1. Which members of the stretch 116-170 meet the condition of being among the β-branched types (Val, Ile, Thr) and open to solvent by 10 Å² or more (accessible area, probe 1.4 Å)?
2. Taking the condition of being open to solvent by less than 80 Å² (accessible area, probe 1.4 Å) and touching a residue at least 12 places away in the same chain (Cβ under 8 Å), how many residues in the stretch 90-102 meet it?
3. Out of (1) surrounded by 19 or more Cβ atoms within 10 Å (Cβ to Cβ); (2) modelled with pLDDT of 90 or more, what's the single condition that is false for Ser17?
4. For the stretch 29-43: of the residues being closer than 20 Å to Val82 by Cβ and modelled with pLDDT of 90 or more, which is surrounded by the most Cβ atoms within 10 Å (Cβ to Cβ)?
5. What are the residues in the stretch 50-76 that are assigned to a helix (DSSP H, G or I), under 27 Å from Gln96 (Cα atoms) and open to solvent by less than 20 Å² (accessible area, probe 1.4 Å), if any?
6. Take the conditions assigned to a strand (DSSP E or B) and at pLDDT 85 or above and apply them to Val105. Does it pass?
7. So, Ala106, is that one open to solvent by less than 50 Å² (accessible area, probe 1.4 Å) and under 17 Å from Ile173 (Cα atoms) or not?
Amino acid sequence: MKLWKKAAAAVLAAVMSLTLLTGCSGGGGGASVTYTRDTEKEKQVTEWIQNYAKSAAGITLVEDADVVDASDKVVADAINAVNLNRTKPNSPEAKQAQIKMYANVANVLGPKKKAGMPMAAAFAAKVTPEGMKNLLDEYGKQVWKSFKDAGIKPSMIGVVVTSVNDDGLVYVIVTIAGNTTT
């Protein structure tokens, strides 16, 4: 029961953090999308976030295949959440899309004894270190606090960077995760 309460606290805090993060994102998309991953940009964004976490919070994040898989599995959900939060902020649909994204990450990572917090954003132009730093400056403390409140040490990262259809937006899905105890 204690683990359940910690997990529930992490999910609720994460949803609140995501609401703020996706509120500054951009345009179209939906629940079913065709996308191409930009693996070169994924490596860059992963490195930027690893450096940020180390310098700003003293947290070492290691890229983890399971966490990357979790980010990849929620691309459509993340794009939907970002776009609903932009077009219908604080609506029941936007909140439901965020919850679905968190639930799907939990479904991927839970059986592997990991817990993760996905974040998503869209950029109208290219993704830059400054753009990622600005987002993390604004929301990073909330993310680290959510993990602390849940009693989970963040130690893993999984990043997916996509460009979707013809909308010209670059979507970044980042999942930060840690090991859970039984």
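1. Within the stretch 116-170, the first condition is being among the β-branched types (Val, Ile, Thr), and the residues that meet it are 127-128, 143, 152, 157, 159-162, 164, 170.
Of everything in the stretch 116-170, those that are among the β-branched types (Val, Ile, Thr) and open to solvent by 10 Å² or more (accessible area, probe 1.4 Å) turn out to be Thr128, Ile152, Val170.
2. 5
3. Condition not satisfied by Ser17: (2).
4. Initially, the stretch 29-43 is screened for residues closer than 20 Å to Val82 by Cβ, giving 29-38, 41-42.
From the residues that got through so far, the ones that are modelled with pLDDT of 90 or more too are 37-38, 41-42.
Details: Arg37: 15, Asp38: 19, Lys41: 18, Glu42: 23.
For the stretch 29-43, the residue satisfying everything is Glu42.
5. Passing the criteria: Val67, Ala70, Ser71, Val75.
6. Against the criterion (assigned to a strand (DSSP E or B) and at pLDDT 85 or above), Val105 does not qualify.
7. Values: open to solvent by less than 50 Å² (accessible area, probe 1.4 Å): no; under 17 Å from Ile173 (Cα atoms): yes.
No; evaluated as a whole, the condition is false for this residue.
The values are calculated or read from the model by the stated rules, or taken from the named source; none is laboratory data. This structure is a prediction, so every number in the text was calculated from the model and none was measured. Note that we place each Cβ from the backbone using ideal geometry, even for glycine, and neighbour counts take in every protein chain shown. To get the accessible areas, we keep the full protein, side chains included, count just its heavy atoms, and leave off ligands, DNA and RNA. Shrake-Rupley method; radii C 1.70, N 1.55, O 1.52, S 1.80 Å.
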